[in-house]
Amino acid sequence: MSSSLRRAVYMFSGGLVGYFAFAACSAVTGGDDGASSSGGGASSSSSGASSSGSSGPVPNAMADTWYASGSRLKIRYLEGADGSKQFSAWFDTARNDECTFARHADGSVRCLPLTNPPAANAQTYFDSSACTSRLALAQRTPTSPKYGVAYDPVGARMFHVIGGLHSGAVWSKNGANCTDTSTLKATYDFYPVGAEVEAAEFVGATARTEP
């Protein structure tokens, strides 16, 4: 495998989790109304936490306004032995996943899955020279990923991983070209993915501004 291809795979696979953090921040700071209010809550609470070093802790009444469980998304938090609490993640009770608000490829802000192991790279890999059936590239871990993720300039698209390890050839699409990149199997695992999970399957959010 060429050094340039290896670097590209490393940069993409290493940036999967970072993308969601970036997307969540973009959702908060973006100028349109599709930005996530819950993402904004996370940002504001973090700001309060960082400012507490110089101006004292955020009062409980104020901290409680930033996060609130809904009918489907529930707050997950860390509880210290001394009774302290810190927001950890949202938990989607319908999908049984932790999630974070980020930009979906359709332009909306959705609570997209945060899974362990992370969602696998379903961006450019396929199971044949036709480059039509996606494969997800993943770091080697004892557990197979639950989702594959692909990105476009707007945001993320999620796919279900639907089978065990792919045993055949691996092809990579670059523009109109489909190239055999099976040498990547020496370093990474590949999984078949199914149809895209529709955006509406994830909880959406809208930006709100307090009066």
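What follows is calculated from the coordinates using simple rules that are stated; it is not laboratory data. All figures in this text were calculated on a predicted structure; none of them were measured in a lab. As a convention, Cβ positions derive from the backbone with ideal geometry for all residues, glycine included, and neighbour counts pool all protein chains shown.
Counted residue by residue at 0.36 nm each, then reduced by the alpha carbon distance between them, the extension gain from Thr206 to Ser133 reaches 22.9 nm. What shape does the range 61-211 take by its C-alpha gyration tensor, where a ≥ b ≥ c are the square roots of the eigenvalues and a/c under 1.5 counts as rounded, a/b above b/c as prolate, and the rest as oblate? Verdict is prolate for the range 61-211.
FRET efficiency for the Ser167 to Asp106 pair, using the beta carbon distance and R₀ = 25 Å, is estimated at 0.15. With a Förster radius of 30 Å applied to the C-beta separation of Thr187 and Ile75, the computed FRET efficiency comes to 0.20. Roughly speaking, what is the centre-to-centre gap between the range 112-172 and the range 64-92 when only Cα atoms are used, to the nearest Å? Going from one Cα centre to the other spans 30 Å.
Using a simple spin-label model with pseudo-atoms 7 Å out from Cα toward Cβ, Ser144 and Ala195 lie 2.0 nm apart.
In loop segments of the range 67-142 as defined by DSSP, the trypsin sites (Lys or Arg not before Pro) with at most 14 further C-beta atoms inside 10 Å of their C-beta are Arg72, Arg140. Sorted on the mean count of surrounding Cβ atoms within 10 Å across their residues, most packed first, peptides 120-129, 152-161 read 120-129, 152-161.
Which of the residue pairs Lys85/Lys185; Lys74/Lys173; Lys146/Lys173 have a Cα-Cα distance greater than 31 Å in the structure shown? The pairs that break the limit, which is 31 Å between Cα atoms, are Lys85/Lys185; Lys74/Lys173.
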